[in-house]
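Take a look at the structure below.
The values are calculated or read from the model by the stated rules, or taken from the named source; none is laboratory data. Since the structure is predicted, the reported quantities are computational estimates derived from the model, not experimental observations. Heads up, the Cβs are rebuilt from the backbone with ideal geometry, glycines too, and the neighbour counts pull from every protein chain shown. In case anyone asks, the SASA skips ligands and DNA or RNA and just uses the protein heavy atoms, side chains included. Shrake-Rupley method; radii C 1.70, N 1.55, O 1.52, S 1.80 Å.
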Amino acid sequence: MKVEIWSEIACPWCGLGGHRLGRAVERFEHSGDVEVVHRSFPLGSGLPEDRTLSAREFVLAKYGAVPGQAGVPDIEGMAAAEGLAPYRVLDNRVGNTDLAHEFLAHASAEGKNGEAWNMLFRAYFGEAAPIFTLDDLLGFSDKLGLDREQTRQVLVDRRYRQRVQQDALQAQRLGATGAPFTVIDGRYAL
């Protein structure tokens, strides 16, 4: 069984959804027969590339409320109930994630798909670590055991830009209007 999950790396629902999917696969009696593939569905492309913004201010401006207010789900509390603590959402920074998605596509091409996605989700939401600049991503490259200079060149050349765009278009063709978006065996969309 192949499970594909399209996510925005800075989306708290995607981080929680990826965690839940991983736990479900671990508990599944045929987990060895399940291949999970993470794909990019960038939602932050319209944000500035040269700076980050307060997540609290961004969410308030975009939605008029923040999690925990007037019927808005408390994502941090939900994550804590799932064993993800700390899970920083509102006290985090947001920015353009295009380069981070290109980094993830490169790591995937190097055989580190799940490992790279999980590491960036943990770093971003668990540690409020920045994931937006070349230098930020090169630090993750080292932790994954990727060749630092090759990764630098790949990101400077923007070699995976088209791949990331193709992932997003594929998700949209399959019916995605947001993230996370999951497809099982190319047939069943959630």
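Here are some residues: Val59, Val37, Val25, Val3. Which one is open to solvent by less than 40 Å² (accessible area, probe 1.4 Å), touching a residue at least 24 places away in the same chain (Cβ under 8 Å) and either assigned to a helix (DSSP H, G or I) or among the basic types (Lys, Arg) (or both)?
Val59
If only one of Ala109, Ala128, Ala70 is at pLDDT 95 or above, of a type in the set (Gly, Ala, Ser) and either touching a helix residue (DSSP H, G or I) at 6+ places or on another chain (Cβ under 9 Å) or under 22 Å from Ala55 (Cβ atoms) (or both), which one is it?
Just one listed residue meets the conditions, Ala109.
Under 6 Å between Cβ atoms, which residue pairs at least 6 apart in sequence (or on different chains) link something in region 121-141 that is open to solvent by 10 Å² or more (accessible area, probe 1.4 Å) with a partner that is among the basic types (Lys, Arg)?
Ala128/Arg88
Select, from Arg152, Arg161, Arg187, Arg173, the only residue that is closer than 20 Å to Ser7 by Cα and touching a residue at least 12 places away in the same chain (Cβ under 8 Å).
Answer to the selection: Arg161.
Yes/no per residue for (1) over 19 Å from the mean Cα position of the chain (by Cα); (2) open to solvent by 50 Å² or more (accessible area, probe 1.4 Å); (3) among the acidic types (Asp, Glu):
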| position | (1), (2), (3) |
| --- | --- |
| Gln170 | no, yes, no |
| Arg173 | yes, yes, no |
| Phe181 | no, no, no |
| Ile184 | no, no, no |
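Name every residue in region 142-152 that is loosely packed, with under 15 Cβ neighbours inside 10 Å and in contact with a Ser or Thr (Cβ under 6 Å, 6 or more places away or on another chain), in order of residue number.
If the condition is that a residue be loosely packed, with under 15 Cβ neighbours inside 10 Å and in contact with a Ser or Thr (Cβ under 6 Å, 6 or more places away or on another chain), then Arg148 is the only one that fits.
Has region 36-43 got at least one residue that is touching a helix residue (DSSP H, G or I) at 6+ places or on another chain (Cβ under 7 Å), under 11 Å from Pro180 (Cβ atoms) and of a type in the set (Lys, Arg)?
yes
Could you list, in sequence order, all residues of region 120-165 that are touching an Asp or Glu at 6+ places or on another chain (Cβ under 9 Å), of a type in the set (A, V, I, L, M, F, W, C) and assigned to a loop (DSSP other than H, G, I, E, B)?
Result: Ala128, Ala129, Phe132, Leu146.
Output the number of the condition that Trp117 fails; it satisfies all remaining conditions of (1) hydrophobic (A, V, I, L, M, F, W, C); (2) buried (at least 21 other Cβ atoms within 10 Å of the Cβ); (3) not in a helix (DSSP H, G or I).
(3)
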